[in-house]
Amino acid sequence: LSGKTGCGKSHVARRTFEQLQAWGVDMSLTQGWMSNRPYSFPFSTFVDWSELAEADDNDDFEEALYWVTEAQIVILDDVGAESDRFKNGINASRLRRLLSKCEHKWMLVTTNLTKPQFDETYDVRVADRLTGAHWVDLQRIPSYRSNLKLRKME
C-alpha cells in the first residue's frame with residue numbers, strides 16, 4: 001500500500017494483522033507448508049519499520065528479525081518513513097536483511113513512497129524487492145486526520 005501520510009495505510013495494516021490473528025487465516029501456498037511449526041495456524045507478525053529502523057539497540061532488530069523468520073505472514077508498516085534516507089547505511093542494510101527473511105512469505109508493506117522513489121531512496125536490491133510487489137496506489141487519497149480535527153472542533 002503506497003500513499004501519503006494520513007490516508008489510512010497503517011490503519012489497514014493493523015486491522016489486517018488483528019483479523020489474521022483472530023481468524024488464524026490459512027494463507028499457505030502449498031499443503032503442509034511450514035507444518036513443522038508448533039502452532040496450528042500461520043503465525044503473523046507486525047513490524048513498525050520506522051521505529052525498528054531507528055532503534056539504537058541492535059538486539060531489538062535481531063529479535064524482530066527472529067519473529068519475521070518464524071512468521072508465515074509479515075506486515076511491514078511505514079517503509080520509507082525512517083529518518084535516514086540514504087541508499088547505504090544501517091537502515092538500508094537492516095531493510096535488506098529483513099526483506100531477505102520474507103522471501104516466499106505472504107507480506108503486506110505500507111509506504112509513503114511512490115514506486116520511482118524506491119530507486120532514489122534504497123539500493124537496487126531493496127528497490128527490486130519492493131517494486132516487484134503487487135501495488136495499491138493510494139497517493140491521491142487525502143489525509144483523513146484533518147477531517148477528524150474539524151469534527152472534534154464542532
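Nothing in this text is a laboratory measurement; each read-out follows from the coordinates by a stated rule. The model shown is predicted, which means the values in this text are computed figures rather than measured ones. Cβ coordinates were reconstructed from backbone atoms using ideal geometry, including for glycine residues, and neighbour counts include every protein chain displayed.
General remarks:
- Sequence-ordered 3J(HN,Hα) estimates for the range 128-133 from the Karplus curve with 6.51, -1.76 and 1.60 and θ = phi - 60° stand at 4, 5, 6, 6, x, 7 Hz, glycine and proline given as x.
- Computed log₁₀ I(q)/I(0) - Debye formula, equal Cα scatterers, no solvent, the range 56-138, q 0.11, 0.16, 0.19, 0.25 Å⁻¹: -0.27, -0.60, -0.86, -1.46
- In sequence order, calculated HN-Hα J values of the range 102-109 (Karplus, 6.51, -1.76, 1.60; Hz; x Gly/Pro): 9, 4, 6, 10, 6, 8, 10, 10
- Karplus (6.51, -1.76, 1.60) ³J(HN,Hα), θ = phi - 60°, over the range 17-22, in Hz, Gly and Pro reported as x: 4, 4, 5, 4, 5, 5
- With contacts taken as Cα pairs under 8 Å and at least 6 residues apart, the range 44-86 reaches a relative contact order of 61 percent.
- Net charge of the neighbourhood of Asp77, taken over other residues with C-beta under 14 Å away and scored Lys/Arg +1, Asp/Glu -1, is -3.
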